[in-house]
Structures are given as structure tokens and as C-alpha cells.
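**Student:** Below you'll find the structure I mean.
The values are calculated or read from the model by the stated rules, or taken from the named source; none is laboratory data. Bear in mind that the values here come from a model prediction, so they are computed numbers and not experimental data. Quick reminder, even Gly has a Cβ in these numbers, built from the backbone with ideal geometry, and neighbours come from all protein chains shown.
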Amino acid sequence: HEKGAVIKTRTPIVKATRDVDIWKIQLKDKNTGNDLFINSKALINAAGPWADEILTQSISLPYQQHITWVKGSHII
């Protein structure tokens, strides 16, 4: 955020496509129901347990690897 990133929590991604070196991203604003359109140099999939669902249903890439889950640990 400090470097200019736009962070949209709890905002579902509808579709993301790569066009040369720019991501074209369509989001759904849960508060208004309106579609938001963003162009970005980078796209970070931080969907946690839903990351593979995002890759297979929303992001259009010619080749996609599926996420292999591993058992993690939490350190307190």
C-alpha cells in the first residue's frame, strides 16, 4: 500500500486476463454490486484455501499449474 498498491479485501475477482505486460482485472464490489475494472502490472493471488479456485475459474492464462496443498503449521 505504501508503494501505491490498491488493496481490495473481500472483493471477488470476476475475471483477469494478461494483455502483453498488463493485467486487466474485473472485480465485483460487494457493497454496491458494481463491477470494478483495474489495469495492473502485477496480480497477487492471496486467496488462501481458495487460491486454486481463483486460478481455475477467474484467471485466463495459457498454462496453469494447480496448487498442491501441503500441511502447514502455525507458530505463535
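**Student:** Determine, yes or no, whether Leu55 is in contact with a Leu (Cβ under 9 Å, 6 or more places away or on another chain), modelled with pLDDT under 85 and outside any loop (DSSP other than H, G, I, E, B).
**Tutor:** On the way: in contact with a Leu (Cβ under 9 Å, 6 or more places away or on another chain): yes; modelled with pLDDT under 85: yes; outside any loop (DSSP other than H, G, I, E, B): yes.
It is true that Leu55 is in contact with a Leu (Cβ under 9 Å, 6 or more places away or on another chain), modelled with pLDDT under 85 and outside any loop (DSSP other than H, G, I, E, B).
**Student:** Next up: Suppose the filter is over 19 Å from Glu53 (Cα atoms) and surrounded by 14 or more Cβ atoms within 10 Å (Cβ to Cβ); does Leu27 pass it?
**Tutor:** Values: over 19 Å from Glu53 (Cα atoms): no; surrounded by 14 or more Cβ atoms within 10 Å (Cβ to Cβ): yes.
Considered against the rule, which asks whether it is over 19 Å from Glu53 (Cα atoms) and surrounded by 14 or more Cβ atoms within 10 Å (Cβ to Cβ), Leu27 comes out as no.
**Student:** Is there any pair linking a residue in region 4-22 that is over 18 Å from Thr32 (Cβ atoms) to one that is part of a loop (DSSP other than H, G, I, E, B) and of a type in the set (A, V, I, L, M), with Cβ under 8 Å and at least six apart or on different chains, and which?
**Tutor:** Ala16/Leu43; Arg18/Leu61
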